[in-house]
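Working notes for the structure below.
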Amino acid sequence: TSIQVPSSYVGWLKGRQGQMIKDIEAKSGANVEIDQSTKDLGHCTVQIRGPEEQKRRAFGFVAAEVMKVAEQSGEPLTGEQVGTKVAIPIDPKYVGWVKGPRGKVVQDISCRSATRIDVDQSSDAATIKLYGTSEGVKDAQDMIALELSKVAPEVAAQISPDFARLAVEGGGGSASSSHRAGEPSRHSLLAIPSEYVGWIKGKNGSMIKDIEAKSGAVIDIDQSTKESGHVTVQFRGHEEDMKRAYAFVVAEVLKVAEHSGQPLDTALGTKAEVRVDNRYVGWVKGPRGKVVQDISAQSGTRIDMDQSDDRFAVVKIYGTYESVGAAREMLGAELSKVSPEAAAEFTGRPAFEPGPCQGHTFQAALP
């Protein structure tokens, strides 16, 4: 997947020290690079790689920023329009409800719909500005309307006539991409031991925030049953996003179980350990650990590297059975470029043969 953009937009898309690209990669799980070889012709190409759903999300975020910078520069885009912008006037008394505490509601909607959402309060009448693909902007409108319908149904109806239907269906986003009420999801709830909560949340909630950013789902932990020895992790969002978030949480549950000396819950997931010669560790990790981080993000796993032995490292992969299998395939694909024999350790085949899971384009089969 690629998007052609004016050369003058590259600085904005990259962000300071590449921060915007890193943020889009973290939220979507895709790899995003900018080919500037044609910049003297007035345009560059944003290249997006990864599984289809992750590419779709990354495309949405990039399209949103392209539309934003086009508006800001005052230069209309020429050629094929990559996205759209919708401005929604709203009574200022409802702005706090749309934003949510510390802006969390609007941030969640932006992440789930793969859009950019700005709230302009510079005048007496506030304006919500949505940037992204037509599909993403429509999803964001529906989600905002659904939030507003809780306090002002008539305002919600002005933003999206579909809000009543969405409320009945029980989801945010469009009917085609959200999980419908009445169709129970395997990925909406996960019971875990109470003592694991601190690990799963992370310092100041950093681990939950990271999983939300990587998956696009919203995660809450219901601790009302903690006296009974367990709590419930709740997932909300598009079905695909919930799958990814579920997989990441399972990976962390297995890690903390091992860390605390508890037996792994093999009904929930698994842990794989694969030895790799130390001379190949740098290849597996990639520059600044980017390769292994990308594989972890795309497969929905946790990957640790134990290099305590001088001869070989041990790659430890935690997650659901499907996601661990996906990570092993991806790692094998990387190693096959330098050592088919080492790749066989990951794939379990005599010699790694590139197939549908080459490199970073393997579609992880999450639970």
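The values are calculated or read from the model by the stated rules, or taken from the named source; none is laboratory data. Because the structure is predicted, anything quoted here is derived from the model rather than measured. So basically every Cβ, Gly included, is an ideal-geometry build from the backbone, and we count neighbours across all protein chains shown. Keep in mind that these areas ignore ligands, DNA and RNA; they rest on the heavy atoms of the full protein, side chains included. Shrake-Rupley method; radii C 1.70, N 1.55, O 1.52, S 1.80 Å.
Do you know which residues across the range 276-287 are modelled with pLDDT of 85 or more and in a helix (DSSP H, G or I)? Give the derivation first.
The initial filter retains those residues of the range 276-287 that are modelled with pLDDT of 85 or more, namely 276-282, 285.
Result: ASN278, ARG279, TYR280, VAL281, GLY282, LYS285.
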ask   = Which residue, of SER123, SER110, is among the polar types (S, T, N, Q) and part of a loop (DSSP other than H, G, I, E, B)?
value = SER123
Qualifying residue in the range 327-341 (condition: in contact (Cβ under 8 Å) with a residue 24 or more places away in the chain, of a type in the set (Ser, Thr, Tyr), touching a helix residue (DSSP H, G or I) at 6+ places or on another chain (Cβ under 7 Å) and not in a helix (DSSP H, G or I)) = yes
request  = Name every residue in the range 156-179 that is surrounded by fewer than 19 Cβ atoms within 10 Å (Cβ to Cβ) and modelled with pLDDT of 70 or more, in order of residue number.
outcome  = ALA157, GLN158
remark   = Note on GLY359: of the conditions (1) at pLDDT 80 or above; (2) of a type outside the set (S, T, N, Q); (3) at positive phi; (4) touching a helix residue (DSSP H, G or I) at 6+ places or on another chain (Cβ under 6 Å), unmet is (1)
query = Which residues, counting only those in the range 111-137, are of a type in the set (Ser, Thr, Tyr) and open to solvent by less than 20 Å² (accessible area, probe 1.4 Å)?
reply = SER113, THR115, TYR131
key: Matching residues, the range 235-255, being open to solvent by 10 Å² or more (accessible area, probe 1.4 Å) and under 13 Å from LYS316 (Cα atoms)   = GLU252, LYS255
query = Looking at the range 276-288, which of its residues are more than 12 Å from ALA343 (Cβ to Cβ), surrounded by 15 or more Cβ atoms within 10 Å (Cβ to Cβ) and in contact (Cβ under 8 Å) with a residue 24 or more places away in the chain?
reply = VAL281
Tally, over the range 126-156, of residues that are of a type outside the set (D, E, K, R), out of contact with any helix residue (DSSP H, G or I) (no Cβ under 7 Å at 6 or more places or on another chain) and either closer than 18 Å to PHE59 by Cβ or touching a residue at least 12 places away in the same chain (Cβ under 8 Å) (or both) = 3
query = Can you find even one residue in the range 259-268 that is surrounded by fewer than 21 Cβ atoms within 10 Å (Cβ to Cβ), more than 26 Å from ASN31 (Cβ to Cβ), touching a residue at least 40 places away in the same chain (Cβ under 8 Å) and in contact with a strand residue (DSSP E or B) (Cβ under 7 Å, 6 or more places away or on another chain)?
reply = no
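In the range 199-234, which residues are of a type in the set (Gly, Ala, Ser), at positive phi and surrounded by fewer than 22 Cβ atoms within 10 Å (Cβ to Cβ)? Break it down stepwise before answering.
Initial filter on the range 199-234 (of a type in the set (Gly, Ala, Ser)): 202, 205-206, 213, 215-217, 224, 228-229.
With at positive phi added as a condition, the list becomes 202, 205, 216, 229.
Listed by number, the residues that qualify are GLY202, GLY205, GLY229.
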query = Out of (1) assigned to a helix (DSSP H, G or I); (2) open to solvent by 10 Å² or more (accessible area, probe 1.4 Å), what's the single condition that is false for ARG57?
reply = (2)
message = Being assigned to a strand (DSSP E or B) and either at pLDDT below 85 or more than 30 Å from GLU345 (Cα to Cα) (or both): is that true of ILE221 here?
response = yes
message = Looking at the structure I just gave you, is GLU25 at pLDDT 85 or above and either open to solvent by less than 20 Å² (accessible area, probe 1.4 Å) or assigned to a strand (DSSP E or B) (or both)?
response = no
